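**Q** Got a structure for you, written out below as structure tokens; questions coming shortly.
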Amino acid sequence: MSRRHAVTAGCVLAITALTLTAVPVAAQPRTTGLQAAPLPRKPPPRFPPGVVEALQRDLHITREQAQARLLNEARLAPIEAKLRSRLGAHFGGSWFTGTIAQTLVVATTDPADLPQIIAAGAQGEVVKRSYAELIPIKRKLDQALPAPPRGGNVRYIDVKINKVVVLSPIPAETEKVIKAIGVDMTSVTVMFSTERPQPLGDVRGGDPYYIGATARCSIGFSVTRGNQNGFVSAGHCGKAGETTTGGDRTALGAFQRSTFPVGDYAWVAVNANWTPRPVVRDGGSGSRDTVPVSGFRSAVEGASVCRSGSSTGWRCGVILQRDTSVIYPQGAVSGLTRAKVCAELGDSGGSLISVDQAQGITSGGSGDCTSGGVTYFQPINKILTAYGLTLVTIDGDSPSPDAGATAPVLRTSSPAP
């Protein structure tokens, strides 16, 4: 009889209440006779095991602050999505501020938008350039700047300062190169940084798998393509056609597609002995070591995120910037998410999540989990779209890359016998 295994992935949070404070029940007028029974109180919010504790440790906040942060992010995220859509070409970016993410800031190029931003419950900020105007500036830098160190190691759009940022170990030299390209320097900031991106994929990660005799990476998220089961991982972990084995060294499957550099993503088809599960490991134990995957809606900059890796375990932090370009020794990779969450060699391929939504897979990083660092993630929606994949979620639906999905059910899975 064949053994069956569970394919598990990164880390997803789920909460059952989205309001920070209870809404008071309106006073009832006095009447004679029978009185209406009081409305039942809402149950206190429940958080998946390991999430609040990890946020406490990695963000250096109290348990109460970690819980409030998660609730605020869940409450404000729908407001951000509506305002982003309504502002259209005026939209200049959005981000959370405050220890508990108590404020959502939404930027616009049109002062006339401020009343509707404030009315929606956010803080408005007027900026010179829209987000759409910053994208081609960054793209020009990606195409024209030389290799590090003169061209810098990392480039991204920083919505908080409304500019494109280039991180460089020799900023004066990098500024000279940018001026020679002909880019408006008022829209670009060059900052000194020792950040040196490197892929993290030659050893382990979330749930480990092996490529060949020694190389080891981690499973990102379970996916399907038609009737074929599989998972996504980092592209630098293997090339199309290479075979893989599971953590127990039994046959797992083979890489179907792989992209690296330019992007950093791949998908592996698994054999019939492995069952994809919509859960990820969170560093707990026993029946409390996984949390579910519900969808893949993109989180706001400044939102809490967690990742799972076999080298450094369950770590949490915040999203810094999106659409980040990094220069690895093997070449440039664009369209990554930069996050203030540590990772080390062997964490490559593991998942990044926010609340109950998959965000991406670990590509590389700079620094470590002793002194601190940043990590770069390949967004999950790009992978699903590029390869025609469907994310496996706890409700069993097949969400499209444009819509994402949510589900109120919290359920964990374990390997089938």
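FYI, it's all coordinate maths here, none of it is from the lab. Everything numeric in this text was worked out from a predicted model, so none of it was measured. Cβ placement follows ideal geometry from the backbone for every residue including glycine, while neighbour counts extend to all protein chains displayed.
**Q** Estimate the FRET efficiency between LYS179 and THR385 by the formula 1/(1 + (r/R0)^6), using the beta-carbon distance for r and 51 Å for R0, to the nearest 0.05.
**A** Numbers: r = 37 Å, r/R0 = 0.72.
Using R0 = 51 Å, I get an efficiency of 0.90.
**Q** Under 5 Å between amide hydrogens, which residues at least 5 positions from LEU252 or on another chain qualify, with H placed 1.01 Å from N in the peptide plane?
**A** Under 5 Å from the amide H of LEU252: THR244, THR245, GLY246.
**Q** Could you line up VAL126, VAL268, VAL165, VAL333 from fewest to most neighbouring Cβ atoms inside 10 Å?
**A** Values: VAL126 15, VAL268 29, VAL165 21, VAL333 26.
Final ranking by Cβ density, sparse to dense: VAL126, VAL165, VAL333, VAL268.
**Q** Of all trypsin sites (Lys or Arg not before Pro) in the stretch 227-304, which ones are in loop regions per DSSP and have a Cβ with at most 15 other Cβ atoms within 10 Å?
**A** Numbers: sites: LYS239, ARG249, ARG257, ARG281, ARG288, ARG297; in loops: LYS239, ARG249, ARG297.
Hits after loop and neighbour filter: LYS239, ARG249.
**Q** By its C-alpha gyration tensor, with a ≥ b ≥ c as the square roots of the eigenvalues, how is the stretch 198-391 shaped: rounded for a/c under 1.5, else prolate for a/b larger than b/c, else oblate?
**A** Values: a/c = 1.32, a/b = 1.21, b/c = 1.09.
Note, shape of the stretch 198-391 comes out rounded.
**Q** Which is farthest toward the positive dipole end of the stretch 198-391 among TRP267, ALA339, THR362, measuring Cα position about the Cα centre, with Cβ charges +1 (Lys, Arg) and -1 (Asp, Glu)?
**A** Of the candidates, TRP267 comes out farthest on the positive side.
**Q** Taking 0.36 nm per residue of separation and subtracting the Cα-Cα distance, what length does fully extending GLN256 through THR189 add? Don't jump to the answer; show the numbers that get you there.
**A** Details: separation 67, 0.36 × 67 = 24.12 nm, distance 4.02 nm.
Contour length minus Cα-Cα distance gives 20.1 nm.
**Q** In whole Hz, with x marking every Gly and Pro, tabulate ³J(HN,Hα) for the stretch 214-223 from phi via Karplus 6.51 cos²θ - 1.76 cosθ + 1.60, θ = phi - 60°.
**A** Running phi through 6.51 cos²θ - 1.76 cosθ + 1.60 with θ = phi - 60° gives 10, 5, 9, 10, 10, 6, x, 9, 6, 9 Hz.
**Q** Next question, about the same structure. Report ³J(HN,Hα) in whole Hz for each residue of the stretch 355-365, in order, from the Karplus equation J = 6.51 cos²θ - 1.76 cosθ + 1.60 where θ = phi - 60°; Gly and Pro get x.
**A** For the stretch 355-365, the Karplus-derived couplings read 6, 10, 10, 5, 10, x, 10, 5, 9, x, x Hz, x marking Gly and Pro.
**Q** Using +1 on the beta carbon of Lys and Arg, -1 on that of Asp and Glu, and nothing else charged, what's the dipole of the stretch 198-391 about the Cα centre, debye to 20? Display every interim value, and only then the final one.
**A** On the way: 16 positive and 13 negative charges, 52 e Å.
The calculation lands at about 240 debye.
**Q** I've got another one for you. How would you rank SER334, SER311, going from fewest to most other Cβ atoms within 10 Å of each one's own Cβ? Provide the component values of the computation, followed by the final result.
**A** Details: SER334 16, SER311 20.
Ascending Cβ contact count within 10 Å gives the list SER334, SER311.
**Q** If you don't mind, there's one more thing I want to ask. Among the listed pairs LYS140/LYS176; LYS138/LYS179; LYS82/LYS160; LYS128/LYS340; LYS138/LYS176; LYS179/LYS382, which have their C-alpha atoms separated by more than 22 angstrom in this model?
**A** Numbers: LYS140/LYS176 15 Å; LYS138/LYS179 14 Å; LYS82/LYS160 20 Å; LYS128/LYS340 27 Å; LYS138/LYS176 16 Å; LYS179/LYS382 32 Å.
Exceeds cut-off: LYS128/LYS340; LYS179/LYS382.
**Q** What order do you get for SER325, SER94, SER193 when you list them from fewest to most C-beta neighbours inside 10 Å?
**A** Working: SER325 23, SER94 26, SER193 17.
The most exposed by this proxy come first: SER193, SER325, SER94.
**Q** Distance in nm between label sites at LEU114 and ARG86, each 7 Å beyond Cα in the beta-carbon direction?
**A** 1.6
**Q** Also, quick follow-up: Can you list the trypsin sites (Lys or Arg not before Pro) in the stretch 116-186 that are in a DSSP coil and have 13 or fewer other beta carbons within 10 angstrom?
**A** Details: sites: LYS128, ARG129, LYS138, ARG139, LYS140, ARG150, ARG155, LYS160, LYS163, LYS176, LYS179; in loops: LYS128, ARG129, ARG150, LYS160.
Those satisfying the criteria are LYS128.
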